[in-house]
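Right, one structure below, let's go through it.
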Amino acid sequence: MLPGGKNMNQLLKQAQKMQQDMLKSQQELESKVFEASAGGGMVKVEMNGKYELKSIKIDPQAVDPEDVEMLEDLIVAAIQEVHSLVAAASEEIMGKVTGGMNIPGLF
């Protein structure tokens, strides 16, 4: 056996465990549903951990034919907020799995 071979095997096992943990964490994240709202709850959106928009709920009081732009802004704000929630959860999970190492391309 080459010098350090034992350490290399241990390192490979740790890398395999990290890969398994990342896959499990990614699957858990993708199955979660995140919700955000804008305009005091006038617009609510749901997005899963794969950044797929699942639903948009609009309070009828938010629909003003004279001010469609406000409704559009509320929808954009709610989507941006839920996107930020998913990104934060992804970073948190990745940080736990990788021990804070920044590994590009994960999640």
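Every number in this text was worked out from the coordinates using simple rules, so none of it is lab data. Source: prediction; values computed, not measured. Positions of Cβ are generated from backbone atoms using ideal geometry, with glycine treated the same way; all protein chains shown enter the neighbour counts.
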Integer Hz, Karplus 6.51/-1.76/1.60 couplings in order for region 19-31, x for Gly and Pro: 5, 5, 5, 5, 4, 4, 5, 5, 5, 5, 4, 5, 8
Residue among D64, D21, D73 with the largest mean-square fluctuation in a Gaussian network model of the chain, springs linking Cα atoms under 10 Å: D64
Of V76, V45, V97, the one that fluctuates the most in a GNM where the chain has Cα springs shorter than 10 Å: V76
Residue of I79, I58, I93 that the Gaussian network model of the chain assigns the largest fluctuation, springs spanning Cα pairs under 10 Å: I58
Dipole of the chain, positive direction: furthest Cα of V97, Y51, V68, with charges on the beta-carbon: V97
Relative contact order of region 1-59, defined on C-alpha pairs under 8 angstrom at six or more residues apart (%): 21 percent
C-alpha long axis of helix 68-98 to longest principal axis of the chain, angle in °: 10 degrees
Alpha-carbon gyration tensor eigenvalues x 5, square-rooted, for region 5-98, Å: 42, 10, 7
Relative contact order (percent, whole number), the chain, Cα cutoff 8 Å, 6+ residue spacing: 25 percent
